[in-house]
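Trainee: Supplied in structure tokens, the structure appears directly below.
The values are calculated or read from the model by the stated rules, or taken from the named source; none is laboratory data. This one's a predicted model, so the numbers in the text were calculated from it and none came from an experiment. No Cβ is skipped: glycine too gets one built from the backbone with ideal geometry, and neighbour counts run over all protein chains shown.
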Amino acid sequence: MMTDYAKLTATLEGLGYTVHTFDTAAQACDYLDSRIDGTTVGFGGSMTLKDMGLYPKLAAHNKVYWHWAGNFPKDAVDTDVYISSANALAETGELINIDGAGNRVSSTIYGHQAVYFVIGANKIAPDYDAALWRARNIAAPKNAQRLGKKTPCAVKGDRCYDCKSPDRICKALAVLWGKPSGIPTMEIILVNQDLGM
């Protein structure tokens, strides 16, 4: 399915977001590098951001906190800017994220001056139900596998089993139906290539 980026942009702008679309991750990375300077930046746990190589670029002229780079997750909570991806974005406008500790989903909702979502083409689904299905049955099992969890979804790699495993990483679900009023700037960066899980 091909995404109509003009239509998706209009939908998201109607929900209060600023939207930019790029053909490649490198272009999106350069854009963020030019926009974010001399400030504190928090990263959510995100293969998309890792794949882009965004951390070293921003860390050259910002104070960047990322638990994947040795910081504590709480360090990213107190920054001016927060950057994440999403497990899924519906063409109807809903942004969906599933989290284990809650640090990533909470930071995309409240507490920062600016939040940027970077969304690859593989994360886009036609509607809310399809986006939720993607988050639970594609993104979550892949992340559980990546983290070496012993959950049914990680072992079988095919879908969510709504397990009660102590290794379960799906403990918090955030759905943004529009830009939260407590965050002055919220941008969605659409990238027309597959990124992350």
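Trainee: Does Gly93 satisfy being out of contact with any Phe, Trp or Tyr (no Cβ under 6 Å at 6 or more places or on another chain), within 30 Å of Met2 (Cα to Cα) and part of a loop (DSSP other than H, G, I, E, B)? Even if it seems obvious, please write down each step before you answer.
Mentor: Working: out of contact with any Phe, Trp or Tyr (no Cβ under 6 Å at 6 or more places or on another chain): yes; within 30 Å of Met2 (Cα to Cα): yes; part of a loop (DSSP other than H, G, I, E, B): yes.
Yes.
Each row is one residue, and each column tells you yes or no for (1) surrounded by 16 or more Cβ atoms within 10 Å (Cβ to Cβ); (2) closer than 27 Å to Gly42 by Cβ; (3) of a type outside the set (Gly, Ala, Ser).
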{"position": "Tyr116", "(1), (2), (3)": "yes, yes, yes"}
{"position": "Ile119", "(1), (2), (3)": "yes, yes, yes"}
{"position": "Asp129", "(1), (2), (3)": "no, no, yes"}
{"position": "Arg134", "(1), (2), (3)": "yes, yes, yes"}
{"position": "Ala172", "(1), (2), (3)": "no, yes, no"}
{"position": "Ile183", "(1), (2), (3)": "yes, yes, yes"}
{"position": "Gly196", "(1), (2), (3)": "yes, yes, no"}
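Trainee: Here's a check for you: in the range 61-89, which residue that is hydrophobic (A, V, I, L, M, F, W, C) and surrounded by 24 or more Cβ atoms within 10 Å (Cβ to Cβ) is nearest to the chain's Cα centre (by Cα)?
Mentor: Selected residue: Ala86.
Trainee: Does the range 72-93 include one or more residues that are small (Gly, Ala, Ser) and more than 24 Å from Ala130 (Cα to Cα)? Lay out the reasoning, then the answer.
Mentor: From the range 72-93, those small (Gly, Ala, Ser) are 76, 84-86, 88, 90, 93; that's our starting set.
In the following step, the residues that additionally are more than 24 Å from Ala130 (Cα to Cα) were identified as 76.
There is at least one residue in the range 72-93 that is small (Gly, Ala, Ser) and more than 24 Å from Ala130 (Cα to Cα).
Trainee: Please give the number of the condition Thr48 fails out of (1) surrounded by 17 or more Cβ atoms within 10 Å (Cβ to Cβ); (2) of a type in the set (Ser, Thr, Tyr); (3) without any contact (Cβ under 8 Å) to a residue 24 or more places away in the chain.
Mentor: (3)
Trainee: In the set Asn137, Asn192, Asn143, which member is at pLDDT 95 or above and over 24 Å from Ala6 (Cβ atoms)?
Mentor: Asn137
Trainee: Against the condition in contact (Cβ under 8 Å) with a residue 12 or more places away in the chain and surrounded by 15 or more Cβ atoms within 10 Å (Cβ to Cβ), how does Asp23 come out, does it pass?
Mentor: In short, no.
Trainee: Being hydrophobic (A, V, I, L, M, F, W, C) and either closer than 23 Å to Gln113 by Cα or touching an Asp or Glu at 6+ places or on another chain (Cβ under 6 Å) (or both) is the filter here; which residues of the range 11-40 pass it?
Mentor: Initial filter on the range 11-40 (hydrophobic (A, V, I, L, M, F, W, C)): 12, 15, 19, 22, 25-26, 28-29, 32, 36.
Those that are hydrophobic (A, V, I, L, M, F, W, C) and either closer than 23 Å to Gln113 by Cα or touching an Asp or Glu at 6+ places or on another chain (Cβ under 6 Å) (or both): Leu12, Leu15, Val19, Ala28, Cys29, Leu32, Ile36.
Trainee: Check every one of the helices (runs of 4 or more DSSP H) wholly within the range 100-147 and list those with 2 or more residues that are of a type in the set (S, T, N, Q).
Mentor: The helices (runs of 4 or more DSSP H) meeting that bar are 103-107, 140-146.
Trainee: Could I ask something else about it? Of Thr48, Thr3, Thr24, Thr9, which residue is farther than 18 Å from Ser107 by Cα, of a type in the set (Val, Ile, Thr) and touching a helix residue (DSSP H, G or I) at 6+ places or on another chain (Cβ under 9 Å)?
Mentor: So the residue among Thr48, Thr3, Thr24, Thr9 that is farther than 18 Å from Ser107 by Cα, of a type in the set (Val, Ile, Thr) and touching a helix residue (DSSP H, G or I) at 6+ places or on another chain (Cβ under 9 Å) is Thr3.
Trainee: Can you run down the residue pairs with Cβ atoms below 9 Å, 6 or more apart or on separate chains, where the first is in the range 74-103 and over 24 Å from Lys63 (Cβ atoms) and the partner is among the acidic types (Asp, Glu) and not in a loop (DSSP other than H, G, I, E, B)?
Mentor: Short answer, once both residue conditions are applied: Ala90/Asp129.
Trainee: A further question follows. Take Thr92 and tell me if it is among the β-branched types (Val, Ile, Thr), surrounded by fewer than 19 Cβ atoms within 10 Å (Cβ to Cβ) and farther than 23 Å from Gly42 by Cβ.
Mentor: It is true that Thr92 is among the β-branched types (Val, Ile, Thr), surrounded by fewer than 19 Cβ atoms within 10 Å (Cβ to Cβ) and farther than 23 Å from Gly42 by Cβ.
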